[in-house]
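Student: First, the structure itself, so that you have it in front of you.
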Amino acid sequence: GTNWQHAAILCSLSRALGIPCRIVTIYNAA
Amino acid sequence: DIHWDIKQRPLKQLNSDLICASHVWNECWMRRDDLSNGEHDWQIIDSTPVLMCDGIRRTGPCSVSFLKNSELGFRWDSPFVHSTINGNKAHWNVYPDGNMELLDVQENIVGSKIITRSLTNEFEIEDITENYKNLMKSSDRNGNFVKRPNNDVDFELKLSDDMKFGDNLTLQLHATNKSNETRTIATALSLCIISSSHQKLISCYDQPIQLSNLGAGKNENIPLKIRPEQYM
């Protein structure tokens with residue numbers, strides 16, 4: 001969703017600046 | 001924190017805490033001169049800050065290794081990030097005079113699994129929960145919780161697959177007493193009808209509280225019956 005897209009955009013910008021970046025997903029139990 | 005009244009109905013005005021099924025944030029590999037290790041480390045940055053941290057809507061950069069060691073005195077937003085991956089879900093009984101009693105604490109609800117994409121194979125996931133949590137220490141930490149209740153009776157609510165709207169409804173509450181003493185069980189059934197198209201509460205039916213005793217080590221099926229005229 002939007003949350004993941006935000007993270008993907010930030011990673012793209014970060015990597016463009018030479019800063020290694022990864023997307024992390026936190027799962028919560030119901 | 002989830003609050004219930006003495007009839008075991010949720011107190012909506014007090015239940016503002018929210019746990020999402022999942023959340024996505026970023027880690028950036030950076031060096032922080034202000035931290036004692038002074039070396040490169042993954043720093044949490046949240047590009048979708050959901051709550052205010054220190055008065056503004058942003059989260060991080062927060063060191064993952066410092067977080068794992070519960071060193072929360074360092075910037076930025078360590079206590080907030082810590083709560084989003086280690087929080088417990090506490091259920092409170094609220095009495096009419098305002099006093100509250102801790103009913104139950106559910107652990108490992110928040111941050112039960114933390115993953116990212118594998119560095120070696122982009123089609124594989126890498127479980128990094130241990131980067132965030134000191135799993136061996138979690139029981140020690142939670143042992144400090146004030147007035148922990150004894151959860152020695154297990155409950156499982158069984159629903160029949162073939163129930164239809166308009167039928168007599170029979171639910172089975174299976175209770176197992178794990179203790180060495182007889183336990184008194186209070187069952188309170190609330191049935192609410194919600195419109196799925198408008199997410200609107202249409203009506204609620206509250207059954208009177210039933211009390212029953214369950215002997216040490218025994219288990220029992222407690223039937224909960226509702227007639228159509230009670231909920232239609």
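Just so it is clear, none of the values below were taken in a lab; they were calculated from the coordinates. What you are looking at is a predicted structure, and each value in this text was computed from that prediction instead of being measured. Please note: Cβ atoms are built from the backbone with ideal geometry, for glycine as well, and neighbour counts cover all protein chains shown.
Student: Output the peptides B:118-125, B:25-32 sorted from most to least packed, where packing is the average of other Cβ atoms within 10 Å over each peptide's residues.
Tutor: B:25-32, B:118-125
Student: While we're looking at this one, here's another question. Over the alpha carbons of the protein assembly as shown, what is the largest minus smallest coordinate on each principal axis, giving the biggest first in Å?
Tutor: Reported extents, whole Å, longest axis first: 66, 45, 41.
Student: Here is a further query. Within a 10 angstrom radius of each residue's Cβ in B:26-32, how many Cβ atoms of other chains show up on average? Whole number is fine.
Tutor: Numbers: counts 11, 8, 9, 5, 4, 0, 0.
Mean inter-chain Cβ contacts per residue within 10 Å come to 5.
Student: Filter the cross-link list B:K89/B:K178; B:K7/B:K89; B:K89/B:K158; B:K12/B:K89; B:K7/B:K133; B:K89/B:K225 down to pairs whose alpha-carbon distance in this structure exceeds 27 Å.
Tutor: B:K7/B:K133; B:K89/B:K225
Student: Once you average over the residues of B:117-125, how many Cβ atoms of partner chains fall within 10 Å of each Cβ?
Tutor: Per residue, the average neighbour count from other chains is 1.
Student: Pick from B:P49, B:P61, B:P79: which residue has the top mean-square fluctuation in a GNM of chain B where Cα pairs under 10 Å get a spring?
Tutor: Among B:P49, B:P61, B:P79, the largest mean-square fluctuation in the Gaussian network model of chain B belongs to B:P49.
Student: Another one. So what is the calculated 222 nm ellipticity per residue for chain B, using -39500 (n - 2.57) for each DSSP H run with n of 4 or more, over all residues, to the nearest 500 deg cm²/dmol?
Tutor: -2500 deg cm²/dmol
Student: Now, a different point. Under the definition of partner shielding as Cβ atoms of other protein chains within 10 Å of a residue Cβ, what is the mean value for peptide B:103-116? Please list the in-between numbers first.
Tutor: On the way: counts 0, 0, 0, 1, 1, 2, 3, 4, 4, 5, 5, 4, 5, 4.
Averaged over the peptide's residues, the number is 3.
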